[in-house]
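**Q** Mind looking over this structure? Questions follow.
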Amino acid sequence: MTALRLRPRTQAAGVVAIATVLALSGCASKKSTTATSPTSAAPSAAASAAPSTAAAPSAAASSAADPASLLPAAIKTAGVLNIATDASYAPNEYFDTDGKTIIGLDVDLGNAIAAKLGLKANFQNVTFAAIIPALAASKYDLSLSSFTDTKAREATVDFVDYFNAGESLMVLAGNPKGVTGPDLSLCGLTIAVEKGTTEESEIPALSKKCTDAGKKAITGLSSDDQNGANLALTSGRADVGSADSPIAAYAVKQLAGKIQLAGQIYETAPYGIAIPKTPGLAPAIKAALAAMIADGSYKTVLDKWGDDAGAITTPVINGATS
C-alpha cells in the first residue's frame with residue numbers, strides 16, 4: 001500500500017523460529033519465476049456456510065443473499081479460484097513448516113471468500129513483483145498478497161479493499177543508528193526492502209529529503225522476497241528494514257530481542273484483493289466479503305491472526321485515494 005504516500009505493497013505460525021523466518025524463514029525463499037507449484041488450501045470452517053439461493057426481488061438483494069450469482073460463468077463452471085500470493089510475507093502469506101503449504105491471514109480470507117462463492121481456493125506462490133503482470137495476462141483469477149490499493153495499480157487491475165495497514169521500520173536491538181521514523185534520521189543509512197513494494201518505491205523520495213537538507217543520501221538494498229530483506233538487516237548488510245506494519249510486527253516478535261521497531265506506524269492505506277479487469281470478478285468478491293463481515297466470519301479470521309485493528313466495515317472496489 002501525504003507527501004510520501006506512494007504505497008505501491010506495494011505489497012504465522014508463531015511456531016517458526018525467526019532464525020528460520022529471517023534466515024529465510026520456515027517460509028521457503030520465493031523463486032524469481034512467475035509461479036511455483038500450486039498448493040491447494042481447504043476453505044475455512046468459519047465461512048463454509050452454503051450461499052442462500054432464495055429468490056430475490058432485485059439484483060442487489062440477490063447478490064447479497066447469494067454472492068455466487070455474480071460470478072463469471074467460466075469461474076463458476078471451473079469451481080476453483082486460482083490465487084497468486086507472495087509466500088514470504090509472514091504472517092499474511094507464508095509457507096508452513098512443511099515448506100509446501102501456504103498459510104496466513106490472506107490465505108484464510110481467500111479460503112473463506114471462495115467458500116462463500118461455492119468455490120475452492122488454489123493458492124500459488126508467485127514472486128511479488130510478477131503478480132500484477134501475471135494477473136494482466138490472465139494467469140490467475142486474483143491475488144491476495146498484501147497489495148496496497150493505489151491509483152497507479154488500478155490502471156491495470158481492480159481492487160476489492162479488505163484491510164487497512166501501515167508501514168513500519170525495523171532496526172537492530174537498541175537502535176544503534178538512532179532511527180526515529182521515515183525522516184532525516186535515515187540519512188546516510190542503508191534500508192533493506194522487498195522488490196516491488198511500497199517500501200522500495202519510497203526510498204527515492206526519502207533520500208531526496210536528505211540530500212535537500214544537505215545530508216547523505218539513503219541507500220536502498222532490495223531483495224527478491226521479504227525474507228531476504230529481513231536477513232540483510234539481521235546480518236548487518238543494512239541498517240534498517242522496512243515492511244508493512246503487520247509483517248514488521250511479526251518479525252520483531254519472532255526475533256525475540258534481536259530487532260525492534262523504530263518510530264510509529266505511518267502511511268496507513270487499504271490492502272486490496274487484486275483482480276484482472278476481465279472477466280468482471282470484482283463484484284462477486286466484494287459481495288462475498290460483505291457477507292463475511294455481516295456474519296462475523298471476517299472478524300473471526302482477523303482475530304485468529306491478531307490483526308483486528310486493521311478491520312474494515314464496508315468493502316469497496318478501487319478505493320485508493322492516491
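**Q** Mind counting the residues in region 237-281 that are over 24 Å from LEU144 (Cβ atoms) and either open to solvent by less than 20 Å² (accessible area, probe 1.4 Å) or in a strand (DSSP E or B) (or both)?
**A** If we filter region 237-281 for residues that are over 24 Å from LEU144 (Cβ atoms), which is where we start, we get 237-240, 255-264.
Next cut, either open to solvent by less than 20 Å² (accessible area, probe 1.4 Å) or in a strand (DSSP E or B) (or both) only: 238, 240, 255, 259-264.
The qualifying residues number 9.
**Q** Out of everything in region 73-115 that is closer than 16 Å to ALA282 by Cα and open to solvent by 20 Å² or more (accessible area, probe 1.4 Å), what residue ends up being nearest to the chain's Cα centre (by Cα)?
**A** Checked region 73-115; the qualifying residue nearest to the chain's Cα centre (by Cα) is ASN82.
**Q** Let me ask something else about it. If you check every pair at least six apart or on different chains, which have Cβ atoms under 7 Å apart with a residue in region 293-322 that is at positive phi first and a residue that is surrounded by fewer than 16 Cβ atoms within 10 Å (Cβ to Cβ) and part of a helix (DSSP H, G or I) second?
**A** That search, which allows pairs on different chains as well, returns nothing.
**Q** In region 139-168, what residues are part of a strand (DSSP E or B), of a type outside the set (Val, Ile, Thr) and over 15 Å from TYR89 (Cα atoms)? Steps first, please.
**A** Filtering region 139-168 down to residues part of a strand (DSSP E or B) leaves 142-143, 147-148, 157-168.
Among the residues that remain, those that are also of a type outside the set (Val, Ile, Thr) are: 142-143, 147, 158-159, 161-168.
Within region 139-168, LEU142, ASP158, PHE159, ASP161, TYR162, PHE163, ASN164 qualify.
**Q** Just to be sure, is ILE103 modelled with pLDDT of 95 or more, touching a strand residue (DSSP E or B) at 6+ places or on another chain (Cβ under 8 Å) and farther than 20 Å from PHE159 by Cα?
**A** Details: modelled with pLDDT of 95 or more: yes; touching a strand residue (DSSP E or B) at 6+ places or on another chain (Cβ under 8 Å): yes; farther than 20 Å from PHE159 by Cα: yes.
Answer is yes for this residue.
**Q** Are any residues in region 312-322 surrounded by 15 or more Cβ atoms within 10 Å (Cβ to Cβ) and either acidic (Asp, Glu) or closer than 21 Å to PRO67 by Cα (or both), and if so, which ones?
**A** Answer for region 312-322, where residues must be surrounded by 15 or more Cβ atoms within 10 Å (Cβ to Cβ) and either acidic (Asp, Glu) or closer than 21 Å to PRO67 by Cα (or both): ILE312, PRO315, VAL316, ILE317, ASN318, GLY319.
**Q** Now for a different question. Pull up region 190-232, narrow it to residues that are open to solvent by less than 60 Å² (accessible area, probe 1.4 Å) and more than 26 Å from the chain's Cα centre (by Cα), then point me to the one that is farthest from ALA262 (Cα to Cα).
**A** Checked region 190-232; the qualifying residue farthest from ALA262 (Cα to Cα) is ALA213.
**Q** Could you grab me the full set of residues in region 169-187 that are open to solvent by less than 40 Å² (accessible area, probe 1.4 Å) and closer than 16 Å to ALA232 by Cα?
**A** Within region 169-187, LEU169, MET170, VAL171, ASN175 qualify.
**Q** Among the residues of region 228-248, write down those that are under 8 Å from SER168 (Cα atoms) and out of contact with any Pro (no Cβ under 9 Å at 6 or more places or on another chain).
**A** Initial filter on region 228-248 (under 8 Å from SER168 (Cα atoms)): 242-245, 248.
Within region 228-248, ALA243, ASP244, SER245, ALA248 qualify.
The values are calculated or read from the model by the stated rules, or taken from the named source; none is laboratory data. Nothing here was measured: the structure is a model prediction, and the numbers come from that model. A quick note on method: Cβ atoms are made from the backbone with ideal geometry, for glycine too, and the neighbour counts reach across all protein chains shown. Note: areas computed on protein heavy atoms with side chains; ligands, DNA, RNA excluded. Shrake-Rupley method; radii C 1.70, N 1.55, O 1.52, S 1.80 Å.
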